[in-house]
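Asks: Can you read through this structure? Questions will come right after.
The values are calculated or read from the model by the stated rules, or taken from the named source; none is laboratory data. Remember, predicted model here, so these are calculated numbers, not experimental data. Glycine gets a Cβ as well: all are built from the backbone with ideal geometry, and neighbour counts include every protein chain shown.
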Amino acid sequence: MYRKELTNRKRIVVKIGTTSLTYPNGNINLRRFAKLASVLTDLKNSGREIILVSSGAIAVGAKRLGLKERPRDTIGKQASSAVGQGILMQYYEKSFNEYNQRVAQILITKDIFNYEHKRINVRNTFEKLLELDVIPIVNENDTVATEEFNEFSDNDTLASYVTELIKGDLLIILSDIDGMYTGDPNKDKNASLISVIENINDDIISLAGGSASSLGTGGMATKVQAAMKVTAANCDMVIAKGDDPTVIYSITSGQPVGTLFARKRFYE
């Protein structure tokens, strides 16, 4: 029942993490970019509206700057992002251009969501781009965002805010793990994948952990928080492994992959 409903979702936000766009050594995974562009363009051609929330700017910038790992200090992150964001968009522009698909860059800071007139302006921009058959590519404006003022905790959180803002039908989070488990699969051999979560209760929240990657920032905790936000806004969310972007086809065709957090209307 829950999975079948996903075949009718029209406005889809896809968030892809840094580890799904780069190799473990920090270099760009060109094949991943090309495949992601192919899948998203094909979905848009089928009549769906697609918004992409992409991580990677800081990691790409850090690599270009010769840093050994993602910087943790604010100034380091801002400098790396300033270098990496342009590179990231060059790769996206080149990849989507292979399919004659236009893209646009939208950089957001959290303070936008604190003021209604800013929310309206940003929402109108998204709506116009979708009307023009453009795929918006969203990232946090890391060069000006600071922890003290307007920084998102990570792009899982950003994706949930964007999804709520544009009234998305489905949020797909592509990560380095194929869903939520009953325990840590790296430590518990008996841990099993949870296919559908109908209610985010204390037990589900307690299962969340941190990020295991030196390049990424998000862990399961932020994904559960994102799910709480979007399911309350009448939107479904799926966590799936991002090493093969064609998994998006499986999700949108109702196949049981990843973990589905069902929108609240299913169980209220």
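Asks: Only one of Thr163, Thr222, Thr157 is within 26 Å of Asn8 (Cβ to Cβ), modelled with pLDDT of 80 or more, in a helix (DSSP H, G or I) and not basic (Lys, Arg). Can you tell me which?
Replies: Result of the check over Thr163, Thr222, Thr157: Thr163.
Asks: Does segment 30-86 hold any residues that are closer than 30 Å to Ile251 by Cα, part of a loop (DSSP other than H, G, I, E, B) and without any contact (Cβ under 8 Å) to a residue 12 or more places away in the chain, and which are they?
Replies: Ser46
Asks: Can you name every residue in segment 166-191 that is assigned to a loop (DSSP other than H, G, I, E, B), among the polar types (S, T, N, Q) and either modelled with pLDDT of 90 or more or closer than 21 Å to Pro24 by Cα (or both)?
Replies: Hit for segment 166-191 is Asn186, nothing else.
Asks: Same structure, new question: So Thr22 passes all but one of these: (1) at pLDDT below 95; (2) more than 21 Å from Glu98 (Cβ to Cβ). Which condition number does it fail?
Replies: (2)
Asks: Quick check on my filter: what residues within segment 41-85 are within 18 Å of Asn29 (Cα to Cα), polar (S, T, N, Q) and modelled with pLDDT of 90 or more?
Replies: Of everything in segment 41-85, those that are within 18 Å of Asn29 (Cα to Cα), polar (S, T, N, Q) and modelled with pLDDT of 90 or more turn out to be Ser54, Gln85.
Asks: Would you mind telling me which numbered condition in (1) under 18 Å from the mean Cα position of the chain (by Cα); (2) at pLDDT below 85; (3) of a type in the set (Lys, Arg) Lys264 fails?
Replies: (1)
Asks: Of all the residues that make up segment 113-139, how many are part of a loop (DSSP other than H, G, I, E, B) and without any contact (Cβ under 8 Å) to a residue 12 or more places away in the chain?
Replies: Number satisfying all stated conditions: 1.
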